[in-house]
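Okay, so here's the structure we're looking at.
Quick note: the coordinates plus some simple rules give every number you see, no bench work behind them. Computed from a prediction, not measured in an experiment: that's the story for all the values here. So basically every Cβ, Gly included, is an ideal-geometry build from the backbone, and we count neighbours across all protein chains shown.
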């Protein structure tokens, strides 16, 4: 066997599964949502939080939010615990993000035409991007029954998938805020390229199980008062929080071709960096974004002129979008042929951020 090459040789996406707002419960439905331009932002689903006294249009009102709209999933309380060999008591203590990831991971493997049980003992990795949802964070000491600790631990989100499927590759959970899933994907691709694993699940999940994100960003005046996410638009007035889960199954491209897998996409290169100092802890840096874009292009062996479409962060904020847009323009804009514009997209405009 030849040793695995660099990421630039190609990492294949051979399967994907997802749950996103607007009924986008599989990749086909997500594409349909985006193609039709449907707005998936709604009011808070009944029974999600106690919204009494939570809404106040005054951004200075403590403990409230001036908008509660978001991209919400339905049925996050539904989970087939016996299917995964989990007791009802343990399932209740599990962060719904863990439940959602477990279900989506199983579906991702099945959609690749793989019987999940055949991966038991394999060198398959799990790389998950996740943030602390706050589930059971206020639980009293008398509720700590041995399941709450594992049920709320971010580290267990990836570990539980590996445990349930019997996977023996790396199991890693990362939290780099908005970039968590992409950083997970970057790490998974690197692990495949260097031979650490032969197959890898990568992606992430976010659920709004408490209203703290809405309340916190109301104090920062970063939440959209209109309840509309408008990336790169003159109407952009802030972020709209949303829920979702997405996972892909990755394999070295040469191995996927050898095994006759359906290749949905190819990762040619990726890069990760940090902004360093900027005008504030949560403010992006244009020069840093330019550097990471150039590093990703170099890793993929591409030139800026090779790109015809760029999917962006595109939060819909008046601070972040111009910085991101200018960084893209500086990297991929110069010397672009007339009549061949480079398209820029941000799916957040429909399901939210």
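In percent, what relative contact order does the chain have, based on Cα pairs under 8 Å that are 6 or more apart in sequence?
Dividing the mean separation by the residue count of the chain yields 25 percent.
Just the number, please: Stokes-Einstein D of segment 15-118 in µm²/s, Kirkwood Rh from C-alpha pairs, 4 °C, 1.567 mPa s.
It comes out at roughly 79 µm²/s.
First check a/c for segment 127-196, with a ≥ b ≥ c the square roots of the eigenvalues of its C-alpha gyration tensor; if it is under 1.5, answer rounded, and if not, answer prolate when a/b is larger than b/c or oblate otherwise.
Judged from the Cα gyration tensor, segment 127-196 comes out oblate (a/c at least 1.5, b/c at or above a/b).
Given the DSSP H assignment, sum -39500 (n - 2.57) over each helix run of at least 4 residues in the chain and divide by its residue total; what's the result at 222 nm in deg cm²/dmol, nearest 500?
-9000 deg cm²/dmol
Given a cut-off of under 8 Å on Cα pairs at least six residues apart, what relative contact order in percent is computed for segment 154-234? All intermediate terms of the calculation are to be shown ahead of the outcome.
Values: 41 pairs, mean separation 14.9, N = 81.
In percent, rounded to a whole number, it is 18.
Placing one identical point scatterer on every Cα of the chain and ignoring solvent, what is log10 I(q)/I(0) from the Debye formula at q = 0.07, 0.13, 0.15 Å⁻¹?
-0.31, -1.12, -1.45
Just want to confirm a number: the relative contact order over segment 1-152, from Cα pairs under 8 angstrom separated by 6+ residues, in percent.
22 percent
Using the count of nearby Cβ atoms within 10 Å as a rough guide to exposure, how do 31, 49, 241 rank from fewest to most? Please report the intermediate quantities before stating the final value.
Values: 31 11, 49 15, 241 23.
Ordered by Cβ neighbours within 10 Å, fewest first: 31, 49, 241.
Percent antiparallel among DSSP beta bridges with both residues in the chain, to the nearest 5?
Roughly 55 percent of the DSSP beta bridges within the chain come out antiparallel.
Under the rule a/c < 1.5 gives rounded, and otherwise a/b versus b/c splits prolate from oblate, where does segment 239-333 land using the Cα gyration tensor?
Prolate shape, in that a/c is at least 1.5 and a/b is the bigger ratio.
Hey, with R₀ at 45 Å, roughly what FRET efficiency would residue 278 and residue 35 work out to, going by the Cβ-Cβ distance, to 0.05?
My answer for the efficiency is 0.80.
I want to check the label-to-label distance for residue 83 and residue 123. Put each point 7 Å from Cα in the C-beta direction and report it in nm to one decimal.
Going by the 7 Å Cα→Cβ label model, 3.1 nm.
Cα centroids of segment 326-350 and segment 247-277: how far apart, whole angstrom?
23 Å
Using R₀ = 25 Å, calculate the FRET efficiency as 1/(1 + (r/R₀)^6) where r is the Cβ-Cβ separation of residue 176 and residue 233; round to 0.05.
0.45
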